[in-house]
Amino acid sequence: MSPEDLLSPREIEIASAYAQGDTYQAIAARLGIAPSTVRTHLATIYRKLEVSSKLDLHARLGGALPDADMQTDHAAIISELALNLEEALRREATLAEVLRIISRSKGDIDAVMSAILGFALDLCEAEFGILFDYHCDGHFAASHTRGIPKPFRDWLETQGSFAASPRTGLGRLAAHHSVVNIYDVRAEEIFQTDDPLRHATAILGGARSFVAIPMMSGDRLAGAFTIYRQSVRLFGEQAIALAQIFADQCVIALDNARMFSALRDRAPQT
């Protein structure tokens, strides 16, 4: 049977986009669904079409026949393993690309942070992300954002530098310098109070699940690397480990930018 006979119109759309190189994040944004939903669809697509790689998928959509050796009762396992392998390869390629961007940035910190946040959202299957600077007076300020809903972005710009109350995710991160992983921002008691940050996060940003990673420069808290899902789905260990890597790379990028700026300032003027 042809792919058109086996797949729904939505599955055909997702399969075609993925085979042509689109990421989970790009497909999700275009279709108005969560990245995790894209992944679930792809597992079903791989099983239905009896393919075990993106190349096989591309060929199958182009009219190739399924692999005769792929037994139907093993198709679900094979499709899951295939997607896991592709995701692992994509993670490795992405992390290498981030290091390349940092090494060639020449102090262009805005471009670097935007790229890092974009990669993090894609690999961690999140809708938007914010990089917060932490100031010595205990205040936070959103310095870089990616994918954030406009009402929430406008609110952060209006606030500028603000103090996060102890019960918020940022407040807990500042107190303990540890990862804060919240299953549902609306389920915590603080949501029932008038806390402005939690209200803005949940209502203006539409966030549900949230993870914040401390950005440490030595023993000093430099900021918070935060990513948000607009559906209730806890960030697992793998996603947190990836977010930690991206947070560390942000610190490296900031240190590089400072060094580049210092060298530029010391260079003789011509």
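What is the one condition in (1) at pLDDT below 95; (2) surrounded by fewer than 16 Cβ atoms within 10 Å (Cβ to Cβ) that residue 164 does not satisfy?
Of (1) at pLDDT below 95; (2) surrounded by fewer than 16 Cβ atoms within 10 Å (Cβ to Cβ), only one is false for residue 164: (2).
Among the helices (runs of 4 or more DSSP H) contained in segment 50-133, which hold 3 or more residues that are modelled with pLDDT of 85 or more?
54-61, 109-124
Name the residue that is nearest to the chain's Cα centre (by Cα), counting only residues in segment 188-220 that are in a strand (DSSP E or B) and among the hydroxyl-bearing types (Ser, Thr, Tyr).
209
Restricting to segment 119-156, name every residue that is touching a residue at least 60 places away in the same chain (Cβ under 8 Å), out of contact with any Gly (no Cβ under 7 Å at 6 or more places or on another chain) and within 28 Å of residue 38 (Cβ to Cβ).
119, 122, 123, 124, 125, 126, 130
Condition first: buried (at least 21 other Cβ atoms within 10 Å of the Cβ) and under 23 Å from the mean Cα position of the chain (by Cα). Now tell me which residues in segment 31-53 satisfy that.
35, 38, 41, 42
List pairs: first residue in segment 167-183 and without any contact (Cβ under 8 Å) to a residue 60 or more places away in the chain, second residue of a type in the set (Ser, Thr, Tyr) and surrounded by fewer than 18 Cβ atoms within 10 Å (Cβ to Cβ) anywhere in the structure, Cβ distance under 9 angstrom, at least six positions apart or on different chains.
Qualifying pairs under 9 Å: 167/193; 171/165; 172/178.
If you scan segment 221-250, which residues turn out to be under 26 Å from residue 204 (Cβ atoms), more than 11 Å from the chain's Cα centre (by Cα) and in a loop (DSSP other than H, G, I, E, B)?
The answer is 230, 231, 232, 233, 234.
Out of all the residues in segment 23-30, is one or more among the hydrophobic types (A, V, I, L, M, F, W, C), outside any helix (DSSP H, G or I) and either modelled with pLDDT under 85 or surrounded by fewer than 20 Cβ atoms within 10 Å (Cβ to Cβ) (or both)?
Taking segment 23-30 and keeping what is among the hydrophobic types (A, V, I, L, M, F, W, C), we get 26-29.
Next, only the ones that are outside any helix (DSSP H, G or I) stay: none.
The answer is no; no qualifying residue exists.
The values are calculated or read from the model by the stated rules, or taken from the named source; none is laboratory data. Small disclaimer: the values here were computed from a predicted structure and weren't measured. Cβ atoms come from the backbone with ideal geometry, glycine included; neighbour counts cover every protein chain shown.
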